[in-house]
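Taken together, the values in this text are just the output of simple stated rules run on the coordinates, not laboratory data. Only a predicted model underlies this, so the values are computations on that prediction, with no experimental measurement involved. In this analysis, Cβ positions are derived from the backbone assuming ideal geometry, glycine residues included, and neighbour counts consider all displayed protein chains.
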Amino acid sequence: MNLKRKDLLGIREMEIDEINLILSTADSFKEVAGREIKKVPTLRGRTVVNLFFEPSTRTRASFELAAKRLSADVINISTSASSVVKGETLLDTAKNLEAMGADVIVIRHSSSGAPTLLARALRCSVINAGDGAHEHPTQALVDLSTILERKGRLSGLTVAIVGDVLHSRVARSNLWGLTKLGARVRLAGPPTMVPRELAAFGAEVTWSLDEAVDGADVVMALRLQLERQGRAYFPTLREYSRLWGLTRERLQRAKPDVLVMHPGPVNRGVEIAPEIADGLSSVILNQVTNGLAVRMAVLYLLSGGKSESGRG
Amino acid sequence: MKATNNTERAGRSSDILVIRGGRVIDPANGLDGVRDLVIADGRIASCTPSATVPRDARTIDATGLVVCPGFVDLHTHVREPGYEYKETVASATRAAAAGGFTTICAMPNTNPINDTRAVTELVIEVAAREGVVNVRPIGAITKGSRGEELAEMGDLAEAGCVAVSDDGRPVTNSLVMRRALEYAQAFDLPVIDHCEDLALSAEGVMHEGKISTMLGLHGIPAAAEEVMVARDLVLCELTGGRLHLAHMSSAGSIRMIREAKARGVRVTAEACPHHFSLTDEAVIGFATNAKMNPPLRTRADVEAVIEGLADGTIDAIATDHAPHAAEEKSWPIDQAPCGIVGLETALPLALALVTAGRLSLPQLIRLLTIQPAALIKIDRGSLSVGAVADVTIIDPAKQWVVEPAEFRSKSRNTPFAGWKMTGRVVSTLVAGKVVYADQ
């Protein structure tokens, strides 16, 4: 079975079957990660380009390692090294990379819709590794996979997503994915950062962290961009973390077997207390581990789901 | 449509053209009926149910067609001087002619900005040499459109500017706006404001609402426009100046203008075809050709704009024709420039309101002709005997598909590509001369 699409741009436009296919394929790649030799020849001869216009450690390393474990050739390009500074347009940069034979371009960009722009103009596959506040589909797939691994299901679970939802592509992708797979999503944070409009898409919107966490199976804290303080979204970090920071005390309202998640990088002591981030409920590092398997699955499925020998 | 010469005679004393048997709609004279329109030496000679056609006259058979005054666009970005790669006077006026417009008002946000007599004279000179329709420049309100010091409005008016505007930017400073509304009265110039609170719209790419939230794009709330409309109305009342509000897009703005007009405030307003034809859903898929400022808003706003047109709250339909090169519109949406070309699609979009029963055809033509003409006090927009014969002939039933490659404009940035339209300009005449003929 293959994905019906050339590109992975967002979860909102995906069918439930496609999401499930990626998740089950990821499970089989998790097994590969447990082997002594972690490399398979699946994408030998293919070229994957990581085109990152925003700083990233986790996602970029995850995609790079995923591609290498599938035996693909990998090129990493980040803003400072690219010709963007010379005034070349995004589209030209991408077309040049395609002309060099890229099979997959993984793009991260601060503009919502930048991957869509490339996908329309290029024949090669485009994977969205995070665009503006739009989507971060592989992160959401990682989160879904991690919850499934621990809970065995998504349907019927209550997931609280807490923090700067307005600027969060992770929150959006998770909202689309979780609701498609039958989970209940609560969004909480300061009124300046939780758009009420999201209620129209099936989320429960609240400004109270306690309300959001109450009886939750999963609590996902979002990274707070510290520079937002200067833009009048909230008065001080002190007040933010006092009202919307995840603490041991607050977490007691959740189910006893609650999972605590964070897409990283973590501002310890701001959106999440260190003892929670490192505590028994935390699956933050499992998310990172699963990231590899999920990205291997995505690269594999977008490359036609065929191994090298089946390539004609 | 071709004008046919009955006879060619050298040394003919007058050049006569008769447009026969069309439904002549001339709102300025309350006329709507089948007439023969006789044009002699570039002016309207008569408009009667049955004209005797001189033997040497040329004729146009307008049976089944609508004959009306040429359209007047209060809001055209001609781009020359400075941005000739987007549009020139030559291409903009040809696009205008194809869209039925015989007069376009050139916005001053060129390079250099039209804030001095020299630039105004240049625009008029180039228009006389290369344009096929009338071009009336609009001068800047402030020097460099920086919103700080008033431009030399007296000079601008003398040189031929019909209004002042810092369009593309609001006049942020309320004192400067107050002074502009006061000072412009000496020259009877309307002050056209682009209403936008820049702090509220900062970084905004599209209308703030459900769709912007879904797409993760920074939103521009309707309040960004409404806050400035409210301020401008207050200042208009304070000064008694002539305030004209450009491209009104939100229900709240329309409501405030309606209320102000009822109290006798001296305000006029315009609306653009895209704001009564499209909603913010057009942006889905990150369509840069649906990015404009003010942005496309919700169904409720579209309805309010249409009601404003119908009940007289809005005085004119203006295109905000804003050409941009294809390269610029292929940037990521938050970096792509705002605006769309509008001259060649305005008429059918407006006619859709007539088909939908929202406006009568004479009402629509009034919004495209005499009302904008009266607003800038030019002697156009009517078919009165003796008037310069700027005439547009329309086939209101003609069906066609928008094919941007066929535009006369240099730019192709339209969200209406592939739309099936009803109603098309058959012929456009400026001072009695055919400047556009379909096919």
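Below are the figures for this structure:
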read-out: Alpha-carbon centroid distance for the pair segment A:180-197 / segment B:138-214, whole angstrom; value: 39
read-out: Loop trypsin sites (Lys or Arg not before Pro), segment B:210-318, which have at most 14 other Cβ atoms in a 10 Å radius of their Cβ (DSSP); value: B:R263
read-out: Ratio Rg/Rh, restricted to segment B:318-403 and using Cα atoms, in which Rh is the Kirkwood radius; value: 1.06
read-out: Tally of Lys pairs whose C-alpha atoms are under 21 Å apart, taken over segment A:35-190, 8 or more apart or cross-chain; value: 4
read-out: Inverse of mean 1/r across different Cα pairs in segment A:35-190, Kirkwood, Å; value: 16.9
read-out: Principal axis box of segment B:95-154, alpha-carbon based, largest edge first, Å; value: 38, 20, 20
read-out: Per-selection Kirkwood Rh - segment A:136-194 (Cα, Å, 1 d.p.); value: 11.5
read-out: DSSP-defined beta bridges in the protein assembly as shown - what % are antiparallel, rounded to 5; value: 35
read-out: For A:T158, distant residues with modelled amide H under 5 Å away; value: A:R184, A:D217, A:V218
read-out: Spatial separation of Cα centroids for segment A:102-120 and segment A:212-235, in angstrom; value: 27
read-out: For the protein assembly as shown, size of Cβ-based charge dipole, Lys and Arg +1, Asp and Glu -1, in debye; value: 1820
read-out: Filtered chymotrypsin sites (Phe, Trp or Tyr not before Pro), segment B:64-160: DSSP coil and at most 16 other beta carbons within 10 Å; value: B:Y85
read-out: Cubic angstrom per residue, convex hull over Cα atoms of segment B:213-260; value: 75
read-out: Dipole moment magnitude, nearest 20 debye, segment B:1-146 about Cα centre, only Lys, Arg, Asp, Glu C-beta charged; value: 40
read-out: Two-decimal log10 I(q)/I(0) for chain B, as the Debye equation yields it once each C-alpha is a single scatterer, q = 0.05, 0.10, 0.14 Å⁻¹; value: -0.16, -0.66, -1.30
read-out: For chain A, radius of gyration divided by Kirkwood radius, i.e. Rg to Rh on alpha-carbons; value: 0.97
read-out: Zero-based 5 Å bins, Cα pair distances in segment A:1-114, whole percents; value: 2, 10, 17, 21, 21, 16, 8, 4, 1, 0
read-out: Computed Rg/Rh of segment A:1-46, alpha carbon atoms with Kirkwood Rh; value: 1.04
read-out: GNM result for chain B, Cα springs below 10 Å: residue of B:E152, B:E80, B:E270 fluctuating most strongly; value: B:E152
read-out: Rg/Rg_ref, segment B:267-330, where Rg_ref = 2.2 N^0.38 Å and atoms are Cα; value: 1.21
read-out: Selection of GluC sites (Glu not before Pro), segment A:1-85, meeting DSSP coil and at most 15 other Cβ within 10 Å; value: A:E13, A:E15, A:E36
read-out: Overall form of segment B:29-101 per C-alpha gyration tensor (a/c, 1.5; a/b vs b/c); value: prolate
read-out: More than 23 angstrom apart: percent of Cα pairs within segment A:152-287; value: 24
read-out: Euclidean distance between Cα centres, segment A:2-53 to segment B:35-54, Å; value: 75
read-out: Tensor-based shape of segment B:1-150 (alpha-carbon gyration tensor, a/c under 1.5 rounded, otherwise prolate or oblate); value: prolate
read-out: Principal-axis tilt of helix B:251-262 within chain B, Cα atoms, nearest 10 degrees; value: 70
read-out: For segment A:102-185, the fraction of alpha-carbon pairs in successive 5 Å shells from zero, as %; value: 3, 15, 22, 21, 15, 12, 8, 3, 0
read-out: Paired Rg and Dmax values of segment A:192-237, which use every Cα atom, in angstrom; value: 12.6, 34
read-out: Computed over segment B:243-399, Kirkwood Rh from alpha-carbon pairs, angstrom; value: 16.7
read-out: Of A:G245, B:C105, B:P190, farthest towards positive along the dipole that unit charges on Lys, Arg, Asp, Glu beta carbons give the protein assembly as shown; value: A:G245
read-out: Evaluated over segment B:199-291, the Cα radius of gyration and Dmax, each in Å; value: 14.9, 45
read-out: Segment A:173-217 - convex hull of the alpha-carbon atoms, volume per residue in Å³; value: 66
read-out: Shape box of the protein assembly as shown [Cα atoms, principal axes, largest first, Å]; value: 101, 65, 46
read-out: Folded to 0 to 90 degrees: helix B:346-355 orientation relative to chain B principal axis, Cα; value: 80
read-out: Calculated SAXS-style log₁₀ I(q)/I(0) at q = 0.20 Å⁻¹ - segment B:110-190, Debye, Cα scatterers; value: -0.81
